Amino acid sequence: MEPTKKLNDLTTNNTYIVQGYSDPINSKFGSNYILLVCEKDTSNTFEMWSTNSLAEYIDNVKPKGKFTFIVNERNNVKYPVIENHKKERNFNMLN
């Protein structure tokens, strides 16, 4: 198995499958997880640190099955988009 990766190590516009995740690792920045991931259509599995949005998804949804995400990039910053998951936003209404 390869060394633990970060999101920046992944390829933009590729789809990745999360096959499992560790128990939460608590830090001063909140919960974190080590994910067991493979690129879609390959069997090469590697470990990856979760991003804040992936950790939030795991904390809130508590997925029981595999889930996928696509790596997008904007202004040289990579971020995951979890397929079939729309993040709800709460708005504070102004007078």
For n ≥ 4 DSSP H runs only, could you compute -39500 (n - 2.57) per run for the chain, divide by its residues and tell me the 222 nm figure to the nearest 500? -3000 deg cm²/dmol
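Could you give the length gained by full extension between N14 and V81, i.e. 0.36 nm per residue of separation minus their alpha carbon distance, to one decimal place? If you can, show how the numbers build up before the last one.
Numbers: separation 67, 0.36 × 67 = 24.12 nm, distance 1.07 nm.
Once the chain is fully extended between N14 and V81, it gains 23.0 nm.
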Rounded to the angstrom and largest first, Cα extents along the principal axes for the stretch 2-82 equal 30, 28, 25
Taking the beta-carbon count within 10 Å as an exposure proxy, list I25, I17 from fewest neighbours to most. I25, I17
Restricting to Cα pairs below 8 Å that are 6+ residues apart, what does the relative contact order work out to for the chain? Please round to a whole percent. 30
HN-Hα J couplings of the stretch 66-71 from phi, Karplus 6.51/-1.76/1.60, θ = phi - 60°, integer Hz, Gly and Pro as x? 4, 9, 10, 9, 10, 8
So between E73 and S53, what do we pick up on full extension, going 0.36 nm a residue minus the alpha carbon distance? 5.8 nm
Electrostatic dipole magnitude of the chain [Cβ: Lys, Arg +1; Asp, Glu -1; Cα centre; debye, to 20]: 280
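Counting other beta carbons within 10 Å of each Cβ, put Y21, Y79 in order, fewest first.
Numbers: Y21 19, Y79 15.
If I rank by nearby Cβ atoms, fewest first, I get Y79, Y21.
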Towards the positive end of the charge dipole of the stretch 2-82, with charges on Cβ (+1 Lys, Arg; -1 Asp, Glu), say which of L35, T15, Y57 has the farthest Cα. Y57
Run the quick spin-label model on K5 and T45: label points 7 Å from Cα toward the beta carbon, then report their separation in nm to one decimal. 1.5
Quick check: the angle from helix 52-61's long axis to the longest principal axis of the chain, C-alpha only, nearest 10 degrees? 80
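What's the exposure ranking of S50, S31, S43, going from fewest to most Cβ atoms within 10 Å? Spell out each step's value before the answer.
Numbers: S50 25, S31 15, S43 6.
Going from least to most buried by this count: S43, S31, S50.
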Residue-wise, which Karplus ³J(HN,Hα) couplings in Hz belong to the stretch 25-42, taking 6.51 cos²θ - 1.76 cosθ + 1.60, θ = phi - 60°, and x for glycine or proline? 10, 7, 9, 5, 9, x, 6, 9, 9, 9, 9, 9, 10, 9, 6, 4, 6, 9
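Values in this text are rule-based calculations from the coordinates and carry no lab data. What you see is a predicted model; the values in this text were computed from it and never measured. Every residue, glycine as well, gets a Cβ built from its backbone with ideal geometry; the counts of neighbours run over all protein chains shown.
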